[in-house]
Amino acid sequence: MKKIFLITLLVLFTMKVFPQAFYINPIKVDPIKKAEELYMANQCEESLNILNQVISQNPNNMYALLDRSCVLDALGEYEKALQDIEIVIKNEPHNLKAHHIRGAIYENMGLHEKAIDDENYVLEKVSTFSSGLNVRGMAYGRLGLYEKSLKDFTDAVTNALIQNEYAEPYFLNRAYTYYFMKRYDEALSDVENAIMLNDKNPESFILKSLIFRLKGEIEESIKLVSEAINIRPDYYEVYYLRIIDYLQSRQYKKAKRDLEYIKMPMSDYSAYHSLLAIYYYLIGDDDRAKEEYKLSSAMSSEEKNSFVIKIIADDIEGYVKNRKFDFIEIK
């Protein structure tokens with residue numbers, strides 16, 4: 001099982017992150033304010049359009065460049081986001097907010113050591129900055145440094161509660177840390193705290209389902225995964241978890257229904273064909289099982305894309321192994 005976290009940074013910047021003195025341009029013009037409102041409402045394309053117009057009129061507007069780096073990061077355009085924030089840091093090398101945002105971008109790019117360096121720079125100046133602790137905690141976790149990760153998330157939770165800040169992402173990230181450390185009761189406690197603060201985040205229900213699956217409570221796991229799907233029906237990777245649960249509980253018709261539903265968006269991934277292979281194997285269609293397993297193996301060796309939730313693919317491989325599916329001879 002890959003030791004990575006499932007949670008992306010929910011909010012890269014808010015107006016409460018740093019005191020006004022840390023801002024490059026404390027006087028906001030209306031277009032930028034509107035762009036920020038759209039960004040916070042998850043209307044990133046609209047926000048980007050406004051910021052592009054502002055920057056086209058004034059390429060040296062550092063505040064707009066900083067905001068645009070956040071929007072581009074949220075859209076997954078990390079290289080472009082990095083270009084914008086590098087301009088800001090070049091002009092304002094001691095701007096803490098810019099270093100924090102660059103750290104978050106680095107973390108999303110998988111450059112964990114660089115993310116840690118930027119957040120260290122910020123936290124040396126503002127040690128109680130919860131969002132910086134959160135990003136550094138994720139970087140430590142992805143490097144397998146779980147004790148350091150746990151400390152950062154715990155500090156983030158504590159500081160957020162003291163300062164009356166939004167603590168849901170910190171509870172959830174700490175829950176995943178406990179999960180990877182096999183401290184499941186503590187993980188469950190934290191994920192329940194996260195759900196109390198925000199019951200519309202599918203990631204919380206995904207983690208809770210994983211914990212109940214480990215306990216052997218498959219029906220409860222199915223209910224929780226279904227809740228995640230209800231919250232975000234287009235989060236197709238989550239269906240993999242429910243399909244596995246259906247297969248384990250011999251609910252083959254329901255598994256087939258989900259496989260058919262996600263066929264169009266997910267059939268380009270090897271894990272999808274691994275699940276089909278398992279399905280056909282379990283219903284006794286060995287020929288189709290071999291065909292799908294062979295296709296999955298070929299795709300896996302060349303696959304460049306990775307799932308948002310990579311743990312799902314790892315669970316599939318583990319499931320194949322546990323079902324002794326590897327006896328099938330692939331020629």
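Remark: Asn173 falls outside the filter, which requires a residue to be of a type in the set (S, T, N, Q), without any contact (Cβ under 8 Å) to a residue 40 or more places away in the chain and closer than 23 Å to Arg136 by Cα.
The residue that is surrounded by the most Cβ atoms within 10 Å (Cβ to Cβ), counting only those in region 126-135 that are outside any helix (DSSP H, G or I) and either aromatic (Phe, Trp, Tyr) or in contact with a helix residue (DSSP H, G or I) (Cβ under 6 Å, 6 or more places away or on another chain) (or both), is Phe129.
Residue-by-condition table, conditions (1) more than 27 Å from Gly141 (Cα to Cα); (2) over 27 Å from the mean Cα position of the chain (by Cα); (3) outside any helix (DSSP H, G or I):
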| site | (1), (2), (3) |
| --- | --- |
| Ala35 | yes, no, no |
| Asn42 | no, no, yes |
| Glu46 | yes, no, no |
| Leu51 | yes, no, no |
| Ser56 | yes, yes, no |
| Ala64 | yes, no, no |
| Cys70 | no, no, no |
| Val88 | yes, no, no |
| Lys114 | no, no, no |
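Each residue in region 82-101 was checked for being touching a Lys or Arg at 6+ places or on another chain (Cβ under 8 Å) and not acidic (Asp, Glu), and 4 of them qualify.
Can you name the residue in region 174-185 that is among the charged types (D, E, K, R) and over 15 Å from the mean Cα position of the chain (by Cα) and, of all such residues, is surrounded by the most Cβ atoms within 10 Å (Cβ to Cβ)? Spell out the reasoning first.
To start, the set of residues in region 174-185 that are among the charged types (D, E, K, R) comprises 174, 182-183, 185.
From what is left, the residues that are over 15 Å from the mean Cα position of the chain (by Cα) are 182-183, 185.
On the way: Lys182: 8, Arg183: 16, Asp185: 9.
Only one residue fits best here, namely Arg183.
Between residues in region 237-252 that are more than 10 Å from Glu219 (Cα to Cα) and residues that are modelled with pLDDT under 90 and of a type in the set (Gly, Ala, Ser), which pairs lie under 7 Å by C-beta distance while being six or more apart or on different chains? Partner pairs satisfying both residue conditions: Tyr240/Ala271.
Within region 145-158, residues that are acidic (Asp, Glu) reach partners that are surrounded by fewer than 20 Cβ atoms within 10 Å (Cβ to Cβ) with beta carbons closer than 9 Å, at six or more positions or on different chains, in the pairs Glu147/Met181; Asp155/Ser127; Asp155/Thr128.
A single entry from Arg232, Arg257, Arg250 fulfils the requirement of being open to solvent by 80 Å² or more (accessible area, probe 1.4 Å) and over 28 Å from Ala289 (Cα atoms): Arg232. In the set (1) without any contact (Cβ under 8 Å) to a residue 24 or more places away in the chain; (2) assigned to a helix (DSSP H, G or I); (3) surrounded by fewer than 16 Cβ atoms within 10 Å (Cβ to Cβ), Leu123 fails one condition alone, (3). With respect to the stated conditions, Leu188 is open to solvent by 20 Å² or more (accessible area, probe 1.4 Å) and hydrophobic (A, V, I, L, M, F, W, C). Checking each residue in region 260-290 for being of a type in the set (A, V, I, L, M) and either closer than 24 Å to Glu219 by Cα or surrounded by fewer than 20 Cβ atoms within 10 Å (Cβ to Cβ) (or both) picks out Ile262, Met264, Met266, Ala271, Leu275, Leu276, Ala277, Ile278, Leu282, Ile283.
Sub-7 Å Cβ pairs linking a first residue in region 260-274 that is of a type in the set (S, T, N, Q) to a second residue that is surrounded by fewer than 22 Cβ atoms within 10 Å (Cβ to Cβ), at least 6 apart or interchain, are Ser270/Met299; Ser270/Ser300; Ser270/Glu303; Ser274/Val320, ordered by first then second residue.
The values are calculated or read from the model by the stated rules, or taken from the named source; none is laboratory data. This structure is a prediction, so every number in the text was calculated from the model and none was measured. Backbone-built Cβ (ideal geometry, glycine too); neighbour counts: all protein chains shown. Each accessible area value is taken on the protein alone, full model and side chains, heavy atoms only, with ligands, DNA and RNA left out. Shrake-Rupley method; radii C 1.70, N 1.55, O 1.52, S 1.80 Å.
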